[in-house]
Amino acid sequence: MQEQSSGEELFATRNMDLHILDHRLRVTSISKNGLVNFTHPLIKLIFLRNRTRCKFFSLTETPENYTVVLDEEGFKELRPSEHLQVESSIWLPLNVVSNGNASSSSQAVGVTKIAKSVIAPLAQQHVSVFMLSTYQTDFILVKEKDLSVVVSTLEEEFNIYKEEGGESVPVHCQDVSNGLHKNGREAIQPTVHPVLIPKNQFCVMSLDPDTLPSIATTLIDVLFYSSSPKEDPQSSPSQECVKFFSFSLIDGYISLVMDTEAQRQFPADLLFTSSSGELWRMVRIGGQPLGFDECGIVAQISQPLADSDISAYYISTFSFDHALVPEEDIVSVTDMLQHQRNEPATS
Amino acid sequence: MSGSKPDILWSPHHPDRYVICDSELGLYRIGPVGSAEAKAGTLPLSEETAATLLAINSDTPYMKCVAWYPKHEPECLLAVGQANGRVVLTSLGQSHNSACKELVGKEFVPKHARQCNTLAWNPVDSNLLAAGLDKHRADFSVLIWDISSKLSPETSVAAEKIRLSSVDLDSSTVVTKPLYELGQNDACLSLCWLLRDPKLLLAGMHRNLAIFDLRNTSQKTFVNTKAIQGVTVDPHFHDRVASFFEGQVAIWDLRKFEKPVLTLTEQPKPLTKVAWCPTRTGLLATLTRDSNIIRLYDMQHTPTPIGDETEPTIIERSVQPCESQIGSFAWHPSSQNRMVVVSATNRVMTDFTVFERISLAWSSTTSLMWACGRHLYECVEDSAEGVESMIEKDIATKMRERAQSRYGHDTVQVWRNHLLAGGKDAQLKSLWHDLFYILSVSHMKQCAEDMELKLQGNVQSVVYSGIKNIVKTTSGTTESRRCWIGSDRQTDVLRYHSEERCLALRLCGWISRGTDTDVENFLRSLEQEHEWERAAAVALFNLDIRRAIQILNKGAMAEKGDLNLNVVAMALSGYTDEKSSLWREMCSSLRLQLKNPYLCIMFAFLTSEPGAYDGVLYESSVAVRDRVAFACMFLNDAQLPRYIDRLTLEMKEAGNLEGILLTGLTKDGVDLMESYVDRTGDVQTASFCMLKGSPGEVLKDPRVQCWIENYRNLLDAWRFWHKRAEFDIHRGKLDPSSKPLAQVFVSCNFCGKSISYSCSTIPHQGRGFSQYGVSGSPTKSKVTSCPGCRKPLPRCALCLMNMGTPVSNCQGTGKSDEKVDLTRENKLAQFNNWFTWCHNCRHGGHAGHMLSWFRDHTECPVSACTCKCMQLDTTGNLVPSDSS
């Protein structure tokens, strides 16, 4: 039995927990043309929860490809194919839990809350992160080999726990590795990537897993049959709408990110979101595929947003990163990003 | 209850209504099957009850959980938690109720939509409704809504910083401001208000159980655990809480909340519901997925969780209310141990009452008691004296009565013991007569061992070993053919003689001494007892028809005599030995119609061929002793042992005490007695009977020892301590080996030697306690010091005299009791001098002084001592229930 006070002062130093979740993840990409080869495993992973032991599944459709992030159980379902690209690392999801601390003055949600405490320090230590925001929470994926650096970097700020078989075990630096091995490449100044801000409005939503069967046909339609021939990704003008749809089923929780056009195809009363019903705009980061080794990309975006206390969701995919910001803040965000690109040296 | 999985809720106030919720809400009324039969559409729930569907509500889709408003008014108000986290108030079949109307349709909307997992109404402040939600980022997961809160947003003081777009606050029925927000950054899976304080809310959060206090919401008490589902507080024991995780139930005590007080055995399938029985303390019902049984855990004996040292005992059992798989169940709020069960599919309902385990207690005085649920039944033997009871009294009652009438203690006229036993039991009568004959024969032999010396082996053992063994050794048998007495007609009946046969006849009681075959004494005694038929039969078997006729005539003329005996006498007088006579023919067929067995065997004897007397020998209503005596007279050496063996076996199997005549007090006799005890439970008779046996193997038999010990225990249980003592004395006389050795010694405080032992070591005297004024006259001897070291014995705490000094005068006896017999008074006086002391404080003194002290006091007589000596003795306050 523990008595806990959520009074700010008492736990001012460390009122945040960082959980290293019990999933070992692979980041893969399925090409648009090769999707037909993977419909069976994808349908199984999405709809037949009881038939698979996969506990972490995320599928994001972008104009370029389908990014599938899934745990090793789920990965077994995907047969190797020329259409399947697999990032070689094992990724571990991190999750920040604030200890019921309501004192934070910021009303912002998403990566903004962890920009300074997690993302910036990791960027400084040259740890590459893969972000996955859902309706429920934000997952920070790091490579398994970087874990010791992550722990030693974040130990100052967080109580770190590793989840093993449903138990949270406290983790300290020495548990992870004997010595601190730093990622090199100190001097490299992060590249400032071009951004793209499409016009469509997005919503972040959730769904009762029990009602998933009732939207199955719509979901299949949106996921697999959306790219009609007329909408060739290469030809779509950059300032127009960009196809983006994300579905994730993680530990039994469903999260959906879709534009308003896709949302209209779903029954109105089944999907739910925040009572404020806010809409989001997307900022796509990267002109060329970003790869998995470069670090500081998320920090580049999240830091200025945090400075301005603007909420943001952030979804990395195989090729590009995507930030979602509130619709009402898009103007200031655009200004800020343009400013950043005009003065790259100061960032 | 998600999707198709149903749940049941009983109305908190209508004992006959419940709601089933699956995709919709259905209100049912339960009633007896007869009255409901008239209406169509009733669903049978059990053999006696049926349910009628009263109303359906399908206004609220995506229901996740439902809770019934706990107060009387409005009576059918339900809160429904939905998949998107909204809580809607709804109602069933209450259209006219205005109080309800105001609330129905009211919605409580969380800031961020996510599943509502659980709902709980505050049992006291029923305006408060707690909702447990899934986790959403940094939002709160436990929201407490005030259902009476004014709907307009402006009245909600200090509106929180919710950025509400105007999209959904269209209607005035939506409340978005909870009264309390708890459990930030967490998920809530189950909730219950604590009954010990309605301001406390217990919540099963993600990986911890937390207690929130509404008076100080910044504080919470929590314990990390996985067992966070289905938290429920025991309605009978407000500090006890159950929760579960997958297949395991954890029981918590809120006063010792660090870890579960116990965890129940894990089930292979995940649990779906755990509920305390509201009508019975400590009964927990659990249900697992895909199961058709409900497991019950009875935790009656675990009221306090005093750590590990008191390992609680739980009785686990399962009940199967119906064939199909169970979706959910709900205990009836008031009807004892009753529940309604709904199947996992098709909404098949079953009304089911868990049958209580029955506990039974049987007192040593025949009354029987059993408890079932809240009922206590007592079964007492009908002891109406005057009425001739149809049913025989219970053996325990009989034994008690017999113990009081000193049954078994008449060691001189042993046969009289059957009179002490009430004189009604034929078997006991036979038994005690057998023992009487055995004892008198053996006694006689000890005195005059003249011709019996010829018998092989130990005389006594032969006598004790029963007729079966006596006839086995028969030798030198002579046969004789005699005339009918008083007639010169020769009989063709062969009669056999031998010493063994003669001894057997004596044991049967037919003849009294020597080889004299005269039965006249026996006949006279039978006549005295008005056993006319038996006497006539004995006379006839001794070939004295005239005497037999004479006896029958006498019987017919006697008071209340049966005149038919004259008719029998007449028939008897017509006896002819001609084989083909009409007399013979008629007698042999009509004899079977005679009711009296002795009359029957008389004619059987007369009409049968010589040597073939089955009609006599196998007439089971004739006393065994008479049949055996008959056999000894008329069966030859080959037939006799065969017949006796057969009869012995029959008696042993039936446990018939008459068979003791045949078996004697041998191992065979113990076998027979064993089946008698098995049949009747009469350890009393068994004990007394076997004590009469010659000391030796019979008494050593473990069965005999068992009967004796049981009889002693029985006497103790009846608090017949004096009877027990008497029995032990009696036993000690007959079986000296049973006398217990001294177990308690009084040792000297100074030298540590036993004061009685040390005197016995003094060679010239074998002194016992008698010297210490314990026995004999007070003036006889005074030893007040240890014989070993000559130091004084301790002093009596009351009279302050050294022990060994006799009690001066018996203060207890009043003047009126002066005529009490002196022996008894003497004995008491002796006991008054006895040493006694408390094992706890070690103070003591003369027994008489102590007894009178503790009659009025509870504390030790030594002034500084606060020991409650008498209360330490559990039997000290009991009073013997026999009076001697």
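Read-outs throughout are calculated quantities, based only on the coordinates presented, and are distinct from any laboratory measurement. Because the structure is a prediction, the values reported are computed rather than measured. Every residue, glycine as well, gets a Cβ built from its backbone with ideal geometry; the counts of neighbours run over all protein chains shown.
Some observations on this one:
- For B:S785, distant residues with modelled amide H under 5 Å away: B:L793
- Nonlocal amide H pairs with B:H236, under 5 Å, H built at 1.01 Å: B:G282
- Between B:E578 and B:E479, the FRET efficiency estimated from the beta carbon spacing at R0 = 25 angstrom works out to 0.60.
- Peptide A:269-280, shielding by other chains (average Cβ, 10 Å cutoff): 6
- Shape of the stretch B:633-714, Cα gyration tensor, a/c cut at 1.5: prolate
- When both the stretch B:125-141 and the stretch A:13-70 are represented by their alpha-carbon centers, they are found 30 Å apart.
- Near A:V171, the amide H atoms lying under 5 Å from its own belong to A:I160, A:Y161, A:K162; only residues 5 or more places off or on other chains count, and H is placed 1.01 Å from N.
- Taking the alpha carbon gyration tensor of the stretch B:570-634, multiplying each eigenvalue by 5 and rooting it gives semi-axes of 20, 14, 9 Å, largest first.
- Here the peptides B:711-721, B:138-148 are ranked by packing, the mean other Cβ count within 10 Å, and the order with the highest first is B:138-148, B:711-721.
- Stokes-Einstein D (µm²/s) once Rh is taken as the Kirkwood radius of the stretch B:474-635 over alpha-carbon pairs, at 20 °C in 1.002 mPa s: 134
- Added length on full extension, which subtracts the Cα-Cα distance from 0.36 nm per residue, B:E323 to B:H530: 67.5 nm
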